[in-house]
Amino acid sequence: MDQQFKKFLEFNGKTILFKRENSEYYVAIKPICEALEVNYRHQLEKIKTDVVLMFQLQSMSMIDAGGKLREMYVLPERFIYGWIFSINGSNNTDLIEFKWTCYTILFDYFRGSVVQREEILVKNYELENRKKDILRALQNSELKKELNAIEDQIKANKKALAKWDHSILNRQLSIFE
């Protein structure tokens, strides 16, 4: 297993490192804090007390950007973005832009779900009302009367067929007696 973190991206002059282990990417926290110009110790304490992140925080040995072996705290990549979104107290324009993007993505995702559901409900309501209108119009139309007459004739034909089949069956049975 490769213990050296790899370059994730360059941000505000800081190299953000990551490591892949067991099909999961882990991202170092300290370089992100430095790049965003937020207090690393404060953010680490915040992560340690967060009800979700506290269980994801890990310490991993790696070689830092300067070539020295260090213990660094990391989070799985899937939690990094939420943690960054939770950072307050920084006027860093990149962080502010990231937060605006996160708010927009969250709004679009959740509003999209609500709006799509509402659109489906409205369409279904309109269809149900149209169905009722059509049924009401059919009740009083010549087509409905013709349809009822056809259905009555089909029922009568089925009865006649059943009677005929019964009669044929009785005749066939009497041949064998």
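Do the conditions hold for Asn170, that is, is it surrounded by fewer than 10 Cβ atoms within 10 Å (Cβ to Cβ) and not assigned by TED's automatic domain parsing to the domain that holds Leu53? Steps first, answer last, please.
On the way: surrounded by fewer than 10 Cβ atoms within 10 Å (Cβ to Cβ): yes; not assigned by TED's automatic domain parsing to the domain that holds Leu53: yes.
Here the answer is yes, as Asn170 does meet what is asked.
Could you please let me know if Leu95 is of a type in the set (A, V, I, L, M, F, W, C), touching a residue at least 24 places away in the same chain (Cβ under 8 Å), surrounded by 14 or more Cβ atoms within 10 Å (Cβ to Cβ) and not assigned by TED's automatic domain parsing to the domain that holds Lys14? Can you show your working first?
Working: of a type in the set (A, V, I, L, M, F, W, C): yes; touching a residue at least 24 places away in the same chain (Cβ under 8 Å): yes; surrounded by 14 or more Cβ atoms within 10 Å (Cβ to Cβ): yes; not assigned by TED's automatic domain parsing to the domain that holds Lys14: yes.
Considered against the rule, which asks whether it is of a type in the set (A, V, I, L, M, F, W, C), touching a residue at least 24 places away in the same chain (Cβ under 8 Å), surrounded by 14 or more Cβ atoms within 10 Å (Cβ to Cβ) and not assigned by TED's automatic domain parsing to the domain that holds Lys14, Leu95 comes out as yes.
Under 6 Å between Cβ atoms, at least 6 apart or on separate chains: pull out the pairs that start in segment 22-38 with a residue that is within 11 Å of Ile87 (Cβ to Cβ) and end on any residue that is part of a helix (DSSP H, G or I) and modelled with pLDDT of 90 or more.
Taking only residues 6 or more apart or on different chains, the pairs are Cys33/Tyr40; Cys33/Gln43.
With the condition kept exactly as written, say whether any residue in segment 143-150 is of a type in the set (Asp, Glu) and within 37 Å of the chain's Cα centre (by Cα). If you could, list the steps in order and put the result at the bottom.
Taking segment 143-150 first, the residues of a type in the set (Asp, Glu) are 146.
Retained after the next criterion (residues that are within 37 Å of the chain's Cα centre (by Cα)): none.
Checked against the condition, which is being of a type in the set (Asp, Glu) and within 37 Å of the chain's Cα centre (by Cα), segment 143-150 yields no hits at all.
The values are calculated or read from the model by the stated rules, or taken from the named source; none is laboratory data. A quick note: this is a predicted structure, and the numbers were derived from the prediction, not measured. Note that we place each Cβ from the backbone using ideal geometry, even for glycine, and neighbour counts take in every protein chain shown.
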